[in-house]
Structure formats: C-alpha cells, structure tokens
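Since the structure comes first, as structure tokens, the remarks are kept for the end.
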Amino acid sequence: MSNGRRSAYLSIAIIAMVIIVTVAIILWFKPSAGKNLAQAIPLSLAFNNKAGGSVPILSGADKAIQASDTQNFTRLTTGLEDLPQSLQGAEVDGEIIIDENKQLVVTEGLRRLFDYFLSALGEEDEAAISARVDSYIRHHTPEPAASQAVTIFKQYIAYLKALPEIEKRYGNLQLQATKNGALDLSVVTQQKQDVANLRQQYFEKPTITAFFGAEDEYDEYSMEMIRIGQNEQMSDSQKQAARQDYVSRMPDNTAKANIEQQANLNELINRTEQMKAKGATPEALYSMRRELVGAPAAARLAQVDQEDADFDQRFTQYETQKQRLLSQQTDSTQVQAQIEQIEQQLFNDSERKRLAGYAALQQQEAANLN
C-alpha cells in the first residue's frame, strides 16, 4: 500500500491504539474496511462566553426543543431518561470511584463521564445536561462523594467556558506560531502555561493530575519530539538516539506504554513500505511483522494485504469499465445507471460508500509520482 494511504500527522495529543485497530484506521480509505470516522468538536469550543456560556446559536425549532427539554429535566431520576439521539444506544463512558469512607476518588474516568454527557451539547442545552449529570451522579453515588462529584462538574463547566479565551488569544497555532516554517515551541509552551494557570483557578491539584495528567505527558512528549526534530546540530542517528533516550526516562505508566506502541507501529509501517517497494514476498512480510507485533497480528495484516490486493483488482476493473462508458459520450443518465450497476456487481454497500474517496486518493498518488 502506498504512502498516501496513511496519515503522517502527529498531533499534540497522541492517540494510543492497539496495533491492529490502528492499522485498520490507517487503511480506512479502503472501501472494504467500512470505517466511519466522525470528527469531534472540542467541548471548549461549544461554549460561547459572550453569550453567557450558552450553546451555539440555534434555529427557532431547535430553541423550542431545548425549552421543552429544560422544562422536563426536573423529572430526571437516573439521568438516563429520554437521552438525546446521539447518546441513545451508547454505553455510558467513564466512572465514579469512591473509597471506603464514601469519599470521591477523582480519576480520568470521571472527566470521561462528564464529556460523555457534554457531547450532546447542542441537542440539549447546558441546563438540561447539568441536571442530567447531577441526577446520574446522585442516583449512582452515595454522599459525600455525590456532592463532591457534582461540584467538580460545575468547576469543569466553568473551566470549559473560560478556555476559548486562551484559544482566541493565541489564535491558530498552525498559522501564527511559526518561525521559518517550523512550529514555534515557545508560543506553544506559553499557551500551555496559560492553560495550566487556568486549571489552577478551578481545580485542586489532585483533580488536575487525574483529569489532565496523561494528556500533559503526551503533550510534553510531542513537543520534545518536535524540539529534537528541529535541532539542526544533530544528525539523524543522534536524533533517533535522543528520542529513544527521552522515552526510556519516562515513568513506567500507560502513557509510556502507548508511546512505545506508537513507535513500534511507526517502525512496522516504515519497514512494510520499504519491503513492499523492494518487492518482498508475503512470507518475508509475515516474518518481519511477527518479529515486531507477534504472530496473531502478523496473520491479520497478511489478511489485510490479501483483501487490499483483491479490492485493487476489482477497482481497476471498475475504473476500466467506467472510463469506457464515459468515452462513449452517450446519454449521461444511461451511462450513470450502467456505472451504478457495475458498482453493485463489484462492491458491497460498505465499499461503494468509499469509492469516491478512494478514487481521489489514487489520483493524488498518481500526481505525486509525476
């Protein structure tokens, strides 16, 4: 599979995934993969400070629905009654942990719980969501932990409302925090410090660590990797050694394990590309993959290769027949009907949804080779 089919972006917050799941996502443009990746809007951006912390401007019909929701939220008992559409059928994410004295133990899972309900912001207004979270917590949690959790939720809401002001102050880092085409880490560092100061205004230190500790570790790792990459005094081998040294000195925790797994994945991708470019046999690829990720993952990747090859063959056949029909310059409606018939013959429903994107990707790859 060519380079254009894989994402090369390393965001400030690195997402850790199991090797096979990650590879499947990297290959998501394959129609056979059948992936549907949704983009989430940061919760902080859903709050409008100038509008007093309300949700974004809605239509009249939406406002009527929200007014109805606000009137009904007092009837909540478990917090799960009449869930908004986006949450229906979804398992509640997150956790509420208490100790032997029924005191709240703040974890990253508590933040995930808040984010789960806040993800419906726009379908429900802030008041309705707050009432829903309050009901859910008090229904599932004894005192004093319940009140402690509700208090932290209110602090979290206030924090999210204040966060966009910092984002507005610094603007788009990709456009403004650059020097000579390179990311200006001093600006990123200052923004992170401002965010850290903001957190201290709303949360106690244990909550900050629980809610944002892992996120901060990923950020620091990402910034250090950028810093090493921008060091023109170091050779490639020295940079690689510096990266490995940084990771080796990290605490042994989930963040480190995920970063090491990401590095292992990058190595897997690079070596796979190099070997395929040299015409490596399936047996050679399997041997390399087994060494890096184990036999089960290597077997799955071999299956993916076979599925890719099968799809490529069908796609080539499809494009050939499609171009032949288009070149006949007959009735466009009839031609389109024939093309759709070919699609139905060669691809399943999931594959057909990705055909346009895959065709565009193929064109981009061809243009890059010229």
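Here are some notes:
- Potential lengthening between E220 and A359 on full extension [0.36 nm per residue; Cα-Cα distance subtracted]: 46.2 nm
- When the alpha carbon gyration tensor of segment 181-274 is reduced to an equivalent ellipsoid, the three semi-axes, largest first, read 28, 18, 11 Å.
- Translational diffusion of segment 189-233, µm² s⁻¹ [Kirkwood Rh, Cα pairs; Stokes-Einstein; 20 °C; 1.002 mPa s]: 183 µm²/s
- Rounded to two decimals, the Cα-based Rg/Rh of segment 83-144, with Kirkwood Rh, is 0.99.
- Diffusion coefficient, µm² s⁻¹, Stokes-Einstein with Kirkwood Rh over alpha-carbon pairs of segment 108-260 at 25 °C and 0.890 mPa s: 135 µm²/s
- The mean accessible area for residues of segment 253-343, using a 1.4 Å probe and ignoring ligands and nucleic acids, is 60 Å² per residue.
- Here the ratio of the Cα radius of gyration of segment 289-370 to 2.2 N^0.38 Å is 1.42.
- Within the accessible area of segment 185-286 (1.4 Å probe), percent carbon and sulfur: 48 percent
- In segment 244-286, a dipole from Cβ-located charges (positive for Lys and Arg, negative for Asp and Glu) runs towards its positive end, and of M275, Q262, Y286 it is M275 whose Cα lies farthest in that direction.
- For the residue pairs K192/K353; K192/K256; K192/K239; K276/K353; K154/K353; K168/K205, the C-alpha atoms sit more than 31 angstrom apart in K192/K353; K154/K353.
The values are calculated or read from the model by the stated rules, or taken from the named source; none is laboratory data. Quick caveat, the model's predicted, so the values are computed rather than measured. Counting neighbours? That spans all protein chains shown, and the Cβs are built from the backbone with ideal geometry, glycine included. Areas reflect the complete protein model, heavy atoms only, side chains present, ligands, DNA and RNA absent. Shrake-Rupley method; radii C 1.70, N 1.55, O 1.52, S 1.80 Å.
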